[in-house]
Every structure is written in structure tokens, then in C-alpha cells.
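**Q** Here it is, the structure in full.
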Amino acid sequence: MAVQEISTYSYKDIFSLSIIQFDEACVFNKPEQINAYNIYWIKEGKGVYNIDFESYAFDNNVLFFLSPGQVFSVESEAIKEAYKLTFVRDFYCIQTHDKEVACNGILFNNVYETPFVNPCESDTNKLNFILESLIDEFKRDDVAAQYDMLQSYLKQFIIHSVRIKKENHIIKDDAETKLFKDFSVLVEQNYKTLHTVTEYANRLGLSPKSLAKHFQISGNQTPSDFIKQRIILEAKRLLIYSTLPVKQIAYQLGFNDPAYFTRFFKKATTKSPLQFKKDH
């Protein structure tokens, strides 16, 4: 693929918009670990993406959202028209805007569910208008208040995406769902140091048995499996995208005994950490 076939607009290396438009479908393949927030909008094209070692197939007009740290690679792809918005926390902080547009955990910062959004025709028209406004702003010679304008258009894009997500997916708000989100947030913040269900249950003011019962009611996996899967996911990321030896990865993930970490990893994946690294 020739570089000139991709147009990119940037603002101070903290926000950018890339546009891919081909007369014929073209394969675009660049495995990477995400180091910023990314919004992909595949308007015309199909393929299979691997996100955090899980495969997701798509076919035309789909948006998906990636957060820093997630692993992204292309299994197959044929793109005719696509857009990619990339921004760092300093430009638009998902956590700060959580209450306002409810994007934290719905669109971003949710490794437990990769949120795909499928816009309808009217949604597509609204998103198109925002992108056109963004491009016009990027092209302006007058940079006065450009930061605020660009951030405003990004915010509008995210708000519309949240609305589309809510309209097409049932966002539960019952006690079990709230507990699950609280638990998942705790795990995300502490999985490197807290490994037992008891430690998380105590922080939630519940007994381990009560926490497990709530998970069973909501149809989720067990709390123990949930914790283990998050640790394994990070171990996979570090094995592939860092140069740390297995011993250091074990220590970084809260294991005092590297040999125990190796057994823990092999039980979950059927491969030793070194074998997994070699295979990828």
C-alpha cells in the first residue's frame, strides 16, 4: 500500500484523523499494541480483527473502540473506505467525561467486552457531518481556539457513538450489573497486586460466597475465573510486546514465585510462557 493513499491530519501529536479511501479494496495490516485511544470506523470493507487475542469479524459500516494497552492485529482485511481517530488522555480524558457522556466502560476501558457499534443511515449522516467539520478545522490556517474546536467535534462523535450503542444494545442497570461493573473496575485497578476473591469481596463489603452468588445470578463467569483471565491477558501482552524475561513478568503481575506463575499460565493456556512467546 502506498503511503500517499492514506490522508492524515494531526494536531500536536495528541489528536489525529486518518482517512483511507481506495477505488478497490486493499489489505491494511499492521499489528500493534495500542498506546492511545483509537476509534476505527470501517464504512466500506470487511475482515477479521484480533483484539486482545480474540477474533472479531465485521462486514461494512462498523465502529469499534480501543484503549491504551490493548493488543490489536489484523487476521484478514479488505478496506475500501475507513477512518481512524487517535487521541491521548491529555487531549480528551475518558475518565473525566465518564459521567457526562458515559463512554468509560461502554465504549472504552472495557477489556471484557469489545464494543462494536453499527450506525444506521441517519447515524452515518451525523457522523459524516462531524468528520467533515473536523477536516475543515484541521485545514484552517487560523489556529486560535483550534484545540477547543477539535476537542468539541471529538466529543460530539463520541456522544453520538454512545447513543448508537445504547439504542442497539440493552445497557442493564440492575444491582447485579452494577456490582459486576464495580468488581471489574476494582480488578482492572488491582489485578497486579490482588489475586484472591476474598480481597475483592472485602473491598465491596461482601463475603466471597455472596459475591459468587451475585455472579451466578447475572450469568457471568465466577469471580475467580474473571480475576485469572485478566492476569493472563496482561501476561500475554507483556510476553509479546515487552522485552521483560518471564521472571520479571511474574514479579510485575504479583507472583513471588516465577515457577508458580509458569504453572498458572500453562494451566490457563496449555502453553508455557516461553512457548506462547515463541508461537507469537
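**Q** Mind checking which helices (runs of 4 or more DSSP H) fall wholly inside the stretch 111-214 and carry at least 1 residues that are crowded, with 17+ Cβ neighbours inside 10 Å and of a type in the set (Ser, Thr, Tyr)?
**A** Answer list for the stretch 111-214: 146-168, 175-190, 197-203.
**Q** For the stretch 242-252, enumerate the residues that are closer than 19 Å to GLU188 by Cα, surrounded by fewer than 20 Cβ atoms within 10 Å (Cβ to Cβ) and under 24 Å from the mean Cα position of the chain (by Cα).
**A** Selection gives GLN252 alone.
**Q** Then there is this: For GLY45, work out the one condition from (1) modelled with pLDDT under 90; (2) part of a strand (DSSP E or B); (3) small (Gly, Ala, Ser) it doesn't fulfil.
**A** Here GLY45 clears every test but (1).
**Q** What number of residues in the stretch 212-243 are polar (S, T, N, Q) and closer than 15 Å to VAL111 by Cβ?
**A** Residues in the stretch 212-243 being polar (S, T, N, Q) and closer than 15 Å to VAL111 by Cβ: 3 in total.
**Q** Let me ask another. Could you tell me how many of the residues in the stretch 127-143 are over 15 Å from THR8 (Cα atoms) and out of contact with any helix residue (DSSP H, G or I) (no Cβ under 7 Å at 6 or more places or on another chain)?
**A** Within the stretch 127-143, residues that are over 15 Å from THR8 (Cα atoms) and out of contact with any helix residue (DSSP H, G or I) (no Cβ under 7 Å at 6 or more places or on another chain) number 5.
**Q** Could you check the stretch 68-92 and list, in sequence order, the residues that are surrounded by 17 or more Cβ atoms within 10 Å (Cβ to Cβ) and assigned to a loop (DSSP other than H, G, I, E, B)?
**A** Within the stretch 68-92, GLN70, PHE91, TYR92 qualify.
**Q** Does GLU77 satisfy being more than 26 Å from ILE232 (Cα to Cα), in contact (Cβ under 8 Å) with a residue 40 or more places away in the chain and among the charged types (D, E, K, R)?
**A** In short, yes.
**Q** Can you tell me which residues in the stretch 4-42 are aliphatic (A, V, I, L, M) and either modelled with pLDDT under 90 or under 18 Å from SER152 (Cα atoms) (or both)?
**A** Correct list: ILE6, ILE14, LEU17, ILE20, ALA25, VAL27, ILE34, ILE39.
**Q** Can you tell me which residue within the stretch 215-239, out of those that are buried (at least 20 other Cβ atoms within 10 Å of the Cβ) and more than 20 Å from the chain's Cα centre (by Cα), is modelled with the highest pLDDT?
**A** Once the filter is applied, the top-ranked residue is PRO223.
**Q** With the checklist (1) surrounded by fewer than 18 Cβ atoms within 10 Å (Cβ to Cβ); (2) more than 20 Å from ASN109 (Cα to Cα) in hand, flag the one item PHE255 doesn't pass.
**A** All conditions are met except number (1).
The values are calculated or read from the model by the stated rules, or taken from the named source; none is laboratory data. No experiment lies behind these values; they were computed from the predicted model shown. Positions of Cβ are backbone-derived with ideal geometry, glycine not excepted, and every protein chain shown enters the neighbour counts.
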